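Since the structure comes first, as structure tokens, the remarks are kept for the end.
The values are calculated or read from the model by the stated rules, or taken from the named source; none is laboratory data. Being a predicted model, the structure only gives us computed values, none of them experimental. Glycine also receives a Cβ, built like all others from the backbone with ideal geometry; neighbour counts cover every protein chain displayed. Please note that ligands, DNA and RNA were not included when accessible areas were found on the heavy atoms of the full protein model with its side chains. Shrake-Rupley method; radii C 1.70, N 1.55, O 1.52, S 1.80 Å.
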Amino acid sequence: MPTVGVLHPGEMGSALASLLRERGLTVLWASEDRSAATAERAAALEDAGTAGELAGRSDVILSVCPPHAALEVAESAGAFGGLYVDANAISPATARSLPGRVVDGGIVGPPPRTPGTTRLYLSGPDAGSVAELFAGTALETPVVSDRVGDASAVKMAYAAWTKGTAALLLAIRKLARAEGVEHTLLAEWARSQPRLEDASGRAARAAEAKGWRWVGEMEEIASTFAAAGLPAGFHEAAAEIFRRGGLR
């Protein structure tokens, strides 16, 4: 069984690491420059100390981090000779810029704890090998293709709607608030669009908790649109809404 290094075990990364440990794999993390909260999440994992040491001891590296840090995290692994799985919300172009043997991944859903909730879409020549690591676990691992970047394209297109429309709702409520008509808008929503107030409330709570992570994701989506010859402005604006803290 391969040894897997996880860079860096946040909420999602630690959940994926737990699934691998349940299958009997040795899972490493690197404590250098990590927070106490990360150390607590990684308590069941073996600490390799540094990213370089982790790379030297791992057959597979799984990167799960905020998208703005994806390239920096990849560089921290040095000249890694194993299989590097980037499971971050990055553009296809960013995924294709990563060096070495890369499997491109895109996660849809919450940290996997029960079957049927979460998919890790995979692409690249070695995608099947990564899918096998999670066989029989709560995580589904559909293989999109053998081309690096295709899994990221799925993630970009999916999040363009889920988080993009959340940002739009937040922007609309901020506009109504600035004009002094938010109460009237909410009353009209209650009559004609009854799901929007609840949806905007969920978006506001999510943006307050983790909107800082979504700024980079919206920027990656914007660059994906631009690369396809489509307007990037939708998601550039969404990045700015999340940068401003949603409804705050």
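Key figures
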item: Ala159 being open to solvent by less than 30 Å² (accessible area, probe 1.4 Å), among the hydrophobic types (A, V, I, L, M, F, W, C), free of Cβ contacts under 8 Å to residues at least 24 places away in the same chain and not in a loop (DSSP other than H, G, I, E, B); result: no
item: Flag for Pro125 being open to solvent by 60 Å² or more (accessible area, probe 1.4 Å) and under 13 Å from the mean Cα position of the chain (by Cα); result: no
item: Odd one out for Val148 among (1) touching a residue at least 24 places away in the same chain (Cβ under 8 Å); (2) open to solvent by 60 Å² or more (accessible area, probe 1.4 Å); (3) among the β-branched types (Val, Ile, Thr); result: (2)
item: Tally of residues being in a loop (DSSP other than H, G, I, E, B) and touching a helix residue (DSSP H, G or I) at 6+ places or on another chain (Cβ under 9 Å) across the range 7-25; result: 5
item: Lone unmet requirement of (1) open to solvent by 10 Å² or more (accessible area, probe 1.4 Å); (2) in contact with a Gly (Cβ under 6 Å, 6 or more places away or on another chain) for Gly10; result: (2)
item: Pairs with Cβ under 9 Å, 6+ apart, first in the range 22-41 and within 14 Å of Cys65 (Cβ to Cβ) and modelled with pLDDT of 95 or more, second charged (D, E, K, R) and surrounded by fewer than 16 Cβ atoms within 10 Å (Cβ to Cβ); result: Trp29/Glu46; Ala30/Glu53
item: Selection within the range 67-81 - surrounded by fewer than 20 Cβ atoms within 10 Å (Cβ to Cβ) and in contact with an Asp or Glu (Cβ under 8 Å, 6 or more places away or on another chain); result: His68
item: Residue among Thr141, Thr184, Thr118, Thr94 that alone is hydroxyl-bearing (Ser, Thr, Tyr) and surrounded by fewer than 13 Cβ atoms within 10 Å (Cβ to Cβ); result: Thr184
